[in-house]
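What follows is a set of notes on a single structure, which appears directly below.
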Amino acid sequence: MILTPESIQLIREKAARYPRAKSAILPALTIAYRQVGHLSNEIYEEISEAIGVPALEVAEAATFYTMFPKQPTGKYLIQVCHNISCSLLGADSLIKYLEDKLDIKKGETTADNLFTLISVECLGSCATAPMMQINHDYYENLTPEKVDEILERLRKES
Ligand code: FES
């Protein structure tokens, strides 16, 4: 078992709130992601068992959403939005800046296993572009100086 009894219990409680268990797939994936840090076939099976929905349906939902990593990541998952508003306001430059700063390419993790960098579709914060999400927090109206401050703070907290 990958999911803790507490996570399974939480998933079952969420499922009980909906008329159809299928509606609890996203909350269940979120609970699993928050516990483990990424998703996998084993986790889809465990969610399937917990709420009585076919594992394939759980996997279909998980693979649709880029916000759920499917493999282990660094301690901090940096998701830079590359959709239209963020692109118009410098997302490509931001990604390049992060790649240079972290000495990795998009999709990679730093050697110290601290940062993983990916780009994602719109995170719903278009008015504060360019922006990125690191783990569960949004960082908006980004500039190279702000990125430096954020990375420095996260390094100190580690
Ligand atoms: S386009 Fe970047 S948050 Fe919407």
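The values are calculated or read from the model by the stated rules, or taken from the named source; none is laboratory data. As the structure is a computational prediction, the values presented were derived from the model and not from experiment. Ideal geometry is used to build each Cβ from the backbone, glycine not excepted, and the neighbour counts take in all protein chains shown. When the accessible area is computed, the model is the full protein with side chains, heavy atoms only, and any ligands, DNA or RNA have been set aside. Shrake-Rupley method; radii C 1.70, N 1.55, O 1.52, S 1.80 Å.
Taking the criterion of being of a type in the set (Val, Ile, Thr) and farther than 24 Å from residue 65 by Cα, the residues of the stretch 99-158 that qualify are 143, 147, 150.
Given the criteria in a helix (DSSP H, G or I) and either buried (at least 17 other Cβ atoms within 10 Å of the Cβ) or not small (Gly, Ala, Ser) (or both), does residue 66 qualify?
So residue 66 does not fit the description; no.
Could you please find all residues in the stretch 13-32 being among the hydroxyl-bearing types (Ser, Thr, Tyr), farther than 13 Å from residue 54 by Cα and either out of contact with any helix residue (DSSP H, G or I) (no Cβ under 7 Å at 6 or more places or on another chain) or touching a residue at least 40 places away in the same chain (Cβ under 8 Å) (or both)? Spell out how you get there, then give the answer.
First, the residues of the stretch 13-32 that are among the hydroxyl-bearing types (Ser, Thr, Tyr): 18, 23, 30.
If we keep only those that are farther than 13 Å from residue 54 by Cα too, we end up with 18, 30.
Listed by number, the list holds a single entry, 30.
Open to solvent by 20 Å² or more (accessible area, probe 1.4 Å), within 16 Å of the ligand (Cβ to nearest atom) and of a type in the set (A, V, I, L, M, F, W, C): which single residue out of 88, 94 fits that description?
Details: 94 fails: open to solvent by 20 Å² or more (accessible area, probe 1.4 Å).
Criteria check complete, one pass: 88.
List the pairs whose first member sits in the stretch 82-101 and is closer than 18 Å to residue 149 by Cα, whose second member is away from the ligand (no atom under 14 Å from the Cβ) and open to solvent by 50 Å² or more (accessible area, probe 1.4 Å), and whose Cβ atoms are under 7 Å apart, counting only residues at least 6 apart or on separate chains? The qualifying pairs are 95/106; 97/144; 99/105; 99/106.
So is residue 119 assigned to a strand (DSSP E or B), open to solvent by 10 Å² or more (accessible area, probe 1.4 Å) and not aliphatic (A, V, I, L, M) or not? Criteria met by residue 119. Is it fair to say residue 39 is more than 16 Å from the ligand (Cβ to nearest atom), without any contact (Cβ under 8 Å) to a residue 60 or more places away in the chain and touching a helix residue (DSSP H, G or I) at 6+ places or on another chain (Cβ under 9 Å)? Considered against the rule, which asks whether it is more than 16 Å from the ligand (Cβ to nearest atom), without any contact (Cβ under 8 Å) to a residue 60 or more places away in the chain and touching a helix residue (DSSP H, G or I) at 6+ places or on another chain (Cβ under 9 Å), residue 39 comes out as yes. Filtering the stretch 127-151 to residues that are open to solvent by 60 Å² or more (accessible area, probe 1.4 Å), at pLDDT 95 or above and within 16 Å of the ligand (Cβ to nearest atom) leaves 127, 137, 138, 140, 141, 146. For residue 106, the criteria (1) open to solvent by less than 20 Å² (accessible area, probe 1.4 Å); (2) not in a helix (DSSP H, G or I) hold in every case but one, which is (1).
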